[in-house]
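Note sheet for the following structure.
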Amino acid sequence: MQFLRIIPTADGSNSVLNTRLNETYHSTHGAIQESQFIFIDRGLDFVVQSQKLSEVKILEIGFGTGLNALLSLQYAFANDITVQYETIEAYPLDESVWTELNYPVKTKDLTHFQHLHQAPWEERVAIANNFSLFKREQLLQDASFNSSLYDIVFFDAFAPTTQPELWEKEMLKKVVDALKPSGIFVTYCAKGQLRRDLKDLGMTVEKVPGPPGKREFIRGVKN
């Protein structure tokens, strides 16, 4: 994948730049900082604390570098909960790319990042006693999900300006339908059209103040 390049971000963690799309996989203000702030602290922890959950089912749209999965696993360890993590990715990173990322060093976890990437696709794998992973290699357009199954969706696709087809209302309906009642939809995006579409799909939507470099992002609760 010669069009993918490892780049540094402001918090010292790496990201990947897709030179064909001129799109980075994370914020250049801090890859780990952004994922931790949006998807873990204001997403996973929000649903765990607000609903008093000891077991969480996560659906991620866009496995990418595996950073959200790694941080979710570490959250499960730190908070003594069980996580069933399911993720879809149409274009998995080559080993030559993900092995150059410095997340194991930055998160002080030298084993699980490798296990997340080397886990086989299309089957559920126990990464740890309280964390299982199911990776699906497919387009969101081709995916189908069980209704009312997941507690939270991490919607971490490339930006609407880069991959607008993934943010169409039909695609959003798939993942909203997959959420349990009171389930959470969280994404780094803050577009007005996304807010309107999620409201039309039966969600209560709020704009949440963002991490450094980002004014706000969207979190929705399924009514």
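The values are calculated or read from the model by the stated rules, or taken from the named source; none is laboratory data. Everything quoted here is computed from the prediction, not taken from an experiment. FYI the Cβ positions are ideal-geometry reconstructions off the backbone, even for glycines, and counts take in every protein chain you see. Surface accessibility is based on the protein's heavy atoms, side chains included, excluding ligands, DNA and RNA. Shrake-Rupley method; radii C 1.70, N 1.55, O 1.52, S 1.80 Å.
Observations
- Top-ranked residue in the stretch 101-113 [being crowded, with 16+ Cβ neighbours inside 10 Å and either without any contact (Cβ under 8 Å) to a residue 12 or more places away in the chain or hydroxyl-bearing (S, T, Y) (or both); ranked as farthest from T87 (Cα to Cα)]: T107
- Single residue of the stretch 68-82 satisfying the filter (under 17 Å from I38 (Cβ atoms) and touching a Ser or Thr at 6+ places or on another chain (Cβ under 8 Å)) that is most open to solvent (accessible area, probe 1.4 Å): Q74
- Qualifying residue in the stretch 164-187 (condition: closer than 23 Å to N18 by Cα, assigned to a loop (DSSP other than H, G, I, E, B) and in contact (Cβ under 8 Å) with a residue 24 or more places away in the chain): no
- Single condition L201 does not satisfy, out of (1) open to solvent by 30 Å² or more (accessible area, probe 1.4 Å); (2) under 22 Å from R42 (Cα atoms); (3) touching a residue at least 40 places away in the same chain (Cβ under 8 Å); (4) not β-branched (V, I, T): (3)
- Qualifying residue in the stretch 205-215 (condition: of a type in the set (A, V, I, L, M, F, W, C) and either crowded, with 20+ Cβ neighbours inside 10 Å or closer than 30 Å to R20 by Cα (or both)): no
- All of (1) without any contact (Cβ under 8 Å) to a residue 60 or more places away in the chain; (2) open to solvent by less than 50 Å² (accessible area, probe 1.4 Å); (3) not aromatic (F, W, Y) hold for Q118 with one exception: (2).
Residue-by-condition table, conditions (1) assigned to a loop (DSSP other than H, G, I, E, B); (2) out of contact with any Ser or Thr (no Cβ under 6 Å at 6 or more places or on another chain); (3) under 26 Å from F145 (Cβ atoms):
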{"position": "S15", "(1), (2), (3)": "no, no, no"}
{"position": "R20", "(1), (2), (3)": "yes, yes, no"}
{"position": "S35", "(1), (2), (3)": "no, yes, yes"}
{"position": "I38", "(1), (2), (3)": "no, yes, yes"}
{"position": "Q49", "(1), (2), (3)": "no, yes, yes"}
{"position": "V56", "(1), (2), (3)": "no, yes, yes"}
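- Annotation: of all residues in the stretch 123-166 being open to solvent by less than 20 Å² (accessible area, probe 1.4 Å) and of a type in the set (F, W, Y), the one that is nearest to the chain's Cα centre (by Cα) is F154.
Per-residue answers, yes or no, for (1) in contact with an Asp or Glu (Cβ under 8 Å, 6 or more places away or on another chain); (2) at positive phi; (3) open to solvent by less than 20 Å² (accessible area, probe 1.4 Å); (4) of a type in the set (K, R):
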site	(1), (2), (3), (4)
L21	no, no, no, no
H26	yes, no, yes, no
I38	no, no, yes, no
L44	no, no, yes, no
V56	yes, no, yes, no
